[in-house]
Each structure stands twice: as structure tokens, then as C-alpha cells.
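Undergrad: Have a look at the structure that comes next, please.
The values are calculated or read from the model by the stated rules, or taken from the named source; none is laboratory data. Keep in mind the model is a prediction, meaning the values are calculated, not measured. With ideal geometry, Cβ positions are generated from the backbone for all residues, glycine too; neighbour counts draw on all protein chains shown. What goes into the accessible areas is simple: the full protein's heavy atoms, side chains included, and nothing from ligands, DNA or RNA. Shrake-Rupley method; radii C 1.70, N 1.55, O 1.52, S 1.80 Å.
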Amino acid sequence: MPRRSLFRAATLAAACGLLLSPLAALAQAFPSKPVKLVIAFPAGGPTDITMRQLADNASKILGQPVIIDNKPGAGGTLPAQALQTAQPDGYTVAQIPLGVFRLGYTTKINWDPLKDISYVLNVTGYAFGIVVPADSPFKTWADFVAYAKANPGRLTYGSTGNLTSPHLTTEIIAQKAGIQLQHVPYKGSADLMLAVVSGQLMAAADSTGFAPQVEAGKLRVLNTWGEKRLAKFPDAPTLKELGYDVVQNSPFGIGAPKGTPPEVVKKLHDAFKQAMEEPSYVASLGRYDMLPNYMSSAAYTKFAQDTVVREKAVIEKLGLAKEK
């Protein structure tokens, strides 16, 4: 090939490379600055504590700080909403609680939880239960139900927010038990526990962030929501033991904005997966009877698709769907 033709071919190749380079360059350089991880609950609760440990582990793997940004409220859906205005460059990621998959049925939104989030990986889920003050007359779940039946709508319980898994699962339990309860929403576990320990509430439905108060003799566990009894609370029956065909562990993971380059999603996935496997993270989960629950990007995306269908049935059963 003549020298002039070789020069032109090289110039054209270089020009094409420049046109195609931004996303490739972004993926290759990522991360070159801190990554923000937005979580759905306040500082000091089980989610915050365990996610901070995960973020610390991931920081060492990525070579850049992973900074926690707490955005509590709105049933745990604010981090997912924050992704809708974030740049799709991997520097903003968010916790995706189960409530995100209910949002389209209960609230008017201009984005789609399936189409407008890049699912990175699932990391864990919660262990839940219902607790009452230690001096409560409710010694067992049977006592709780008997009072609720005799006093419809007068038994107050709190959760970590409207349309969260603790709220909706308690309403499903109440429906199955034939009782009516009065729900009081809080922004997070810390405020909720303060309210029930002080007697402002008669009961609380929450993750086992209530463990320290139970161990201190301030609260009593009436039931737990897993397949098996929790080792930490061996005397508390599961919902299935009480006759309700209900198991709830509310898996959650991490998502990125729609359009985040696949190479960046993979780097995030690989770093957080490795961070999950560190003993420090497993130990932090263990404090709250939580377990690692890994799903790959593809598996987590499929889980999201299946959960949106399943949660529609729950919302409709409870009569909580938004008006069309």
C-alpha cells in the first residue's frame, strides 16, 4: 500500500477511535474519584451500619472512597429516585429496598423501576419480627391478637415507613388474623425503637435492629418472619408456626443509573461482591441476624422483574393501589 494511503488509513482509524473513546475511557479509568452510595435509612440503624462496613470494604478494592449518603423517608424509595437525576457514570449508586418495586402501584411516578435502574447486585436481606415493651400485657402473640380483636383499631404499632416490608407484612398478618391495627410510620429503626421502648407505641414491626433492646430486657419478641426461628431469639415462634403462610426477608441490593456503561457496572459488581465476602461484612450482618444473599447483575435484574409482578398482587390484596 502506498505511503499516502497508509497515512490516510491510520488517520481514519485514529479519528474513529476518538469518536468511540468516551465510554471506553470512562470504563477504563473508573473509578478516579469517590463513589457515593445512597441508602434508604438513617444513620445508626442496621442498614446504615452494615452498608457502611460494605462500603469500607469496597473502598479498599476500588482504590477510592465509597461514601454513604443517608436519604431516609418515602418508604425507602428516595435512593432509587435519586438515581433518576444522577449521571450514569458509576459515581452514584443506591440501595434498592423492596419498596421500590411497589412504587409504581402506589404512587404516580414518571420513571420505571425496571427500565430506569441498572441492577448491580443483591447483597443481603433482613430478619424481621414484632416486638412489644417488656412490661406489655402481651406475653404471647395470642395475647396480642385477643386484644386487637376486642379493641379494633386501637392497638398501635410502628414500622420504618409507609409501604415498607414491615408495614405491608404486618397488614397481611393482621388480615389473616382478622384484626385491625393502627399503623404509625417512622423514618428509621432508631426513632421507632425509642418510641416503642418509651411506651409511645404498643408494638413495633422491624428488622432485628431491636436485638439490643431485647437483650437489655426492654422489649419482648412475639414472633419472627423467617423460615426458621432465629438463634438469637429461640423462644419466638415464626409466622408459619403461628399458622400464617408468610415468610419475609426483604432482599435488597445496589443499583446504578440507567445507561451506566456495562464495564462500569461490572467493576462495581466485582468490587461489591468481593466486599461482601470479607469476614468483617459477614460479622456486621450477623449482629442483626442478617446473611449475605448474593445475586449477580443478571439474577438481580430477573429478581426485580419477578418481584414487581408479585408485589402488585400484595398491593391489590391490601387495597393500597393508587387510583387510576
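Undergrad: Test of understanding: what is the full-extension gain from SER280 to ALA299, defined as 0.36 nm times their sequence separation minus their Cα-Cα distance?
TA: Result for the pair: 4.3 nm of gain on full extension.
Undergrad: Please list 108-115, 213-220 highest first by mean number of surrounding beta-carbon atoms within 10 Å per residue.
TA: Averaged packing, sorted descending, gives the order 213-220, 108-115.
Undergrad: Continuing with this model, one more query. Using modelled amide H (1.01 Å from N, peptide plane; none on Pro or chain starts), what sits under 5 Å from the amide H of ASP206, excluding residues fewer than 5 places away?
TA: GLY129, VAL131
Undergrad: Once fully extended, how much extra length lies between GLN182 and ASP235, figured as 0.36 nm per residue of separation less the alpha-carbon to alpha-carbon distance?
TA: The span from GLN182 to ASP235 would gain 16.4 nm if fully extended.
Undergrad: Per DSSP H run of n ≥ 4, the term is -39500 (n - 2.57); total these for the chain, divide by its residue number, and report the mean residue ellipticity at 222 nm rounded to 500 deg cm²/dmol.
TA: -13000 deg cm²/dmol
Undergrad: In addition: Hey, what angle do you get for helix 46-62 against the long axis of the chain, alpha-carbon based, 0 to 90 degrees rounded to 10?
TA: Result, in degrees: 20.
Undergrad: While we're on this one: So between VAL247 and LYS312, what do we pick up on full extension, going 0.36 nm a residue minus the alpha carbon distance?
TA: Between VAL247 and LYS312, full extension yields 21.7 nm more.
Undergrad: Could you tell me how many degrees, from 0 to 90 and to the nearest 10, lie between the Cα long axis of helix 262-276 and the main elongation axis, the longest principal axis, of the Cα atoms of the chain?
TA: Between the helix axis and the principal axis of the chain, the angle is about 40 degrees.
Undergrad: At a 1.4 Å probe radius, carbon and sulfur cover how many percent of the accessible area of the chain?
TA: 56 percent
Undergrad: Still on this structure, please answer the following. Give me the net charge for the shell around ALA216: Cβ to Cβ below 15 angstrom, other residues only, Lys and Arg +1, Asp and Glu -1.
TA: That sum, taken over residues with Cβ under 15 Å, equals +2.
Undergrad: Accessible area per residue of the chain at 1.4 Å probe, in Å²?
TA: For the chain, the per-residue accessible area is 47 Å².
Undergrad: Right, something else. Name the residues whose placed amide hydrogens come within less than 5 Å of the amide hydrogen of ARG220, ignoring near sequence neighbours (fewer than 5 apart) on the same chain.
TA: Placed amide hydrogens put VAL132, ALA134 under 5 Å from ARG220.
Undergrad: Could you pull out every residue, at least 5 positions away or on a different chain, whose amide H is within less than 5 Å of the one on LYS36? Hs are placed 1.01 Å off N in the peptide plane, and Pro or chain starts have none.
TA: Hits under the 5 Å cutoff: ILE67, THR92, VAL93.
Undergrad: Same structure, new question: For a paramagnetic label modelled at 7 Å from the Cα of LYS322 toward its Cβ, which residues of the range 111-126 fall within the zone defined by backbone nitrogen distances under 13 Å?
TA: Backbone N within reach: 111-113.
Undergrad: Quick one: Karplus J couplings for the range 192-199, per residue in order, coefficients 6.51, -1.76, 1.60, θ = phi - 60°, nearest Hz, x for Gly and Pro?
TA: 5, 5, 4, 5, 7, 5, 7, x
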